[in-house]
Amino acid sequence: SKYIGKLIHKAQVRKQEQEIIYERQLAKERSKEDHLYADKEKFVTSAYKKKLAEQAQWLEEERLRKLREEADD
């Protein structure tokens with residue numbers, strides 16, 4: 001059960017990392033096309049804002065966890 005828990009946690013971490021990578025790729029693609037839509041309005045849903053905030057929080061938690069692990073070593 002301890003082993004399964006670690007596997008599930010690692011899978012969640014990988015999924016979160018993949019989502020962040022995908023979002024960054026989309027942002028790069030959007031920035032390349034921004035000049036085409038400069039005069040258009042941009043809409044961001046509250047759900048997307050919430051997702052971005054959660055990703056930022058997760059990244060910060062991971063950064064702090066890594067710092068703690070390095071300090072323990």
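Conditions (1) of a type in the set (Ser, Thr, Tyr); (2) exposed (fewer than 10 other Cβ atoms within 10 Å of the Cβ), marked per residue:
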| site | (1), (2) |
| --- | --- |
| Ser1 | yes, yes |
| Ala11 | no, no |
| Gln18 | no, no |
| Arg30 | no, no |
| Phe43 | no, yes |
| Lys49 | no, no |
| Gln55 | no, no |
| Arg65 | no, no |
| Glu70 | no, yes |
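The C-beta contact set for region 2-28 (first residue in contact (Cβ under 8 Å) with a residue 24 or more places away in the chain and within 11 Å of Gln55 (Cβ to Cβ), second residue assigned to a helix (DSSP H, G or I) and of a type in the set (A, V, I, L, M, F, W, C), distance under 6 angstrom, 6+ apart or interchain) comprises Gln16/Trp58.
Here, each number is a calculation from the coordinates, and none is a lab measurement. As the structure is a prediction and not an experimental result, all values here were calculated from the model. Note that we place each Cβ from the backbone using ideal geometry, even for glycine, and neighbour counts take in every protein chain shown.
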